[in-house]
Amino acid sequence: MKQAPGFLNHTTRHVLFTGKGGVGKTSLATATALALADSGQRVLLVSTDAASNLDDMLGIELRNTPTPVPGAPGLSVLNIDPDNAAQAYRQRVIAQMDASASPAELATVREQLSGACTTEIASFDEFAALFSDGAPHFDHIVFDTAPTGHTLRLLSLPKAWGGFLSGNDRGASCLGPHSGLKMQEARFKAALDALSDPSRTTVVLVTRADKGAIAEAARTSQELRELGLNNQRLAINGVFHASDHTDLVATAIEALEQQALADMPTSLRALPQDQVPLRAFDTVGLPALRALLSPEDAVIKAGIAVAKRAEPAQPTAPLQGLDALADELAASPHGLIMVMGKGGVGKTTVAAALALGLVQRGKTVHLSTTDPAAHLTGTLAGEVAGLRVDRIDPKVETQRYIDKIMAAKSPQLDAQEQALLLEDLRSPCTEEVAVFHAFSRTVSEARSAFVVLDTAPTGHSLLLMDATGAYHRQMTREFEGRGTSHVITPLMRLQDTAYTKIILVTLPEATPVSQASALQDDLRRAGIEPHAWVLNKSVLAAGTHDPLLAARLAGERQQLERMSAGLAKRIFTVPWLIRPPIGLVELSKLVHKPG
């Protein structure tokens with residue numbers, strides 16, 4: 001990179017970094033905020049990701065109030081923590097209720113405000129405040145958003161809730177008193193106006209030079225335009241150029257990236273574009289973050305992670321592949337296999353390969369996904385006997401849920417009451433309830449067959465886990481004192497290690513491994529024990545001697561040792577492959593059963 005990226009110049013007050021999981025949104029957002037602060041601006045860096053790793057990058061504890069970053073005058077960081085946001089929202093709603101409300105009415109409202117939908121709305125409420133009237137003391141607010149599907153849901157809420165509030169004077173039953181939302185209506189409108197104003201908001205679409213990531217960036221660009229967010233830029237992160245063309249791994253990586261860039265859709269090509277090169281260092285700590293967007297000569301002058309030629313690296317011990325994991329899973333007659341992890345680590349690839357591996361071993365498999373971005377079909381690129389593939393489609397499931405509720409309750413209601421019920425069900429939070437019901441049905445299928453579930457990126461999945469826990473608590477309360485031996489909730493199935501196998505997928509880098517570790521801690525707090533870790537895209541055994549790749553191998557070895565030291569009970573590895581694992585033939589190679 002000969003000069004600084006264009007998105008550092010002429011920056012609007014609000015800058016949103018969005019894109020597929022794993023493309024480097026957090027790194028670029030943090031480096032941008034730091035560069036603006038170093039230029040004398042007052043900058044607030046905000047994470048909207050429930051699974052944020054800003055604390056690892058900056059070495060500070062994230063809070064839900066602006067926290068100054070040591071060593072970076074002018075820069076503060078804020079994390080929109082879903083739990084804290086929900087608690088504050090509940091308190092505001094309860095406080096505005098009439099003083100004459102009975103204890104029973106208050107208890108009902110508190111129950112209505114206990115679900116995942118309230119968490120989502122509360123998070124958006126804080127997000128919207130930063131666009132409408134919040135953070136007046138900052139020149140710029142830089143947003144590090146959650147992976148694409150979750151972010152599109154967040155950004156669509158101003159229109160969704162604005163339309164719902166203007167057409168519903170009765171209120172959404174899942175959110176408690178309607179005035180709890182009505183009092184935020186002006187803020188929602190102000191947020192939408194700011195998001196849509198190109199003089200106030202810039203969206204930086206972050207991608208890698210990867211076919212799938214570029215395709216998602218193109219889809220995201222179009223969906224954002226439909227929401228009115230037209231001031232967009234494209235940042236292509238981690239672009240690699242081989243310096244040793246005798247290295248087959250290095251030249252294959254470069255060729256794949258250049259082909260992906262050459263095939264970029266016209267709609268993306270029309271956007272202002274910046275390319276950020278792959279660096280030899282992890283973007284952890286202020287020196288590395290400052291170097292990320294600096295010209296090459298400045299990086300060399302700073303003496304940061306200069307890449308040198310190295311001998312091909314080999315792993316310290318033989319590593320088992322996905323074929324061994326497929327053998328292990330196939331030893332059971334049926335079960336649920338949930339593939340989880342940070343966005344962009346390869347969950348879909350691993351889930352699809354394991355499903356094929358089980359089919360190869362004589363099993364019948366249902367492969368599904370909870371990811372709004374849903375890439376299963378494109379990853380498989382074909383059909384195979386014994387494998388049923390679908391997705392939990394939020395729109396389809398929402399309509400199915402509405403139809404079910406209307407069919408059950410309409411016979412007891414007159415025409416006006418039916419109209420009110422239907423209006424109530426048009427609340428955006430109905431989608432969260434519908435998706436949870438679909439998830440529960442999918443989980444229960446594993447009683448008699450294999451179900452492989454490719455989950456959404458970590459933050460979105462944790463919200464689904466929250467809904468699962470809330471439902472479990474509700475069922476426990478309802479059956480308290482009446483015997484609960486016949487009640488089996490989805491959470492209980494997830495906690496049953498004989499029924500459910502949780503597979504955590506990560507990349508051999510510091511941040512994804514830390515993210516997987518944090519997710520494992522969250523699952524364990526819910527009584528859910530992961531079965532194994534999968535280390536994806538490992539180049540340790542590839543024998544590369546390209547200076548840049550070789551410089552990164554030391555970090556990979558360190559992460560493998562970290563995992564082996566007790567972080568993961570079992571480790572299985574997918575090597576970096578010259579041919580991408582897309583399509584039935586290439587995926588099958590990962591889980592091939594000899595003989």
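The values are calculated or read from the model by the stated rules, or taken from the named source; none is laboratory data. In this text, all values refer to a predicted model and were calculated from it rather than measured experimentally. Positions of Cβ are generated from backbone atoms using ideal geometry, with glycine treated the same way; all protein chains shown enter the neighbour counts. With ligands, DNA and RNA removed, areas are computed over all heavy atoms of the protein, side chains included. Shrake-Rupley method; radii C 1.70, N 1.55, O 1.52, S 1.80 Å.
Do the alpha carbons of any pairs in 342/501; 342/537; 501/537; 211/569; 211/501; 211/342 sit beyond 25 Å of each other, and which pairs?
211/569; 211/501, as the Cα separations exceed 25 Å there.
Roughly speaking, what is the stretch gain from residue 407 to residue 270, that is 0.36 nm per residue apart minus the C-alpha to C-alpha distance, in nm to one decimal?
Contour length minus Cα-Cα distance gives 44.5 nm.
For the stretch 331-371 and the stretch 526-588, what is the centre-to-centre distance using only Cα atoms, to the nearest Å?
Their Cα centres are 18 Å away from one another.
Please list, in order, the residues from the stretch 326-362 whose amide nitrogen is less than 19 Å from a point placed 7 Å along the Cα→Cβ vector of residue 569.
326-341
Which of rounded, prolate or oblate describes the stretch 507-580 when judged by the alpha-carbon gyration tensor and an a/c cut-off of 1.5?
prolate
Subtract the Cα-Cα distance of residue 327 and residue 129 from 0.36 nm times their separation in residues, and report this length gain in nm to one decimal.
66.2 nm
What is the distance, in nm, between label points placed 7 Å from the Cα along the Cα-to-Cβ direction at residue 385 and at residue 94?
Each label point lies 7 Å from its Cα, and together they span 6.0 nm.
Taking 4 °C and 1.567 mPa s as the conditions, I'd like the Stokes-Einstein D for the stretch 320-459 in µm²/s, using the Kirkwood hydrodynamic radius from alpha carbon pairs.
Rounded to a whole number, D works out at 78 µm²/s.
Determine the alpha carbon to alpha carbon distance for each of 25/589; 363/395; 20/395 and list only those over 25 Å.
Violating the 25 Å Cα-Cα cut-off are 25/589; 363/395.
So, by mean Cβ neighbours within 10 angstrom, what's the order for 523-531, 19-27, 432-440 with the highest one leading?
The packing order, highest mean first, is 19-27, 432-440, 523-531.
Averaged per residue, what accessible area in Å² does the stretch 545-595 show with a 1.4 Å probe, protein chains only?
On a per-residue basis, the stretch 545-595 sits at 52 Å².
Could I have the simple spin-label model distance between residue 61 and residue 497, label points 7 Å from Cα toward Cβ, reported in nm to one decimal?
Computed distance between label sites residue 61 and residue 497 equals 3.2 nm.
With the crude spin-label approximation of a point 7 Å out along Cα→Cβ, what separation in nm comes out for residue 243 versus residue 84?
Those two pseudo-labels are separated by 4.2 nm.
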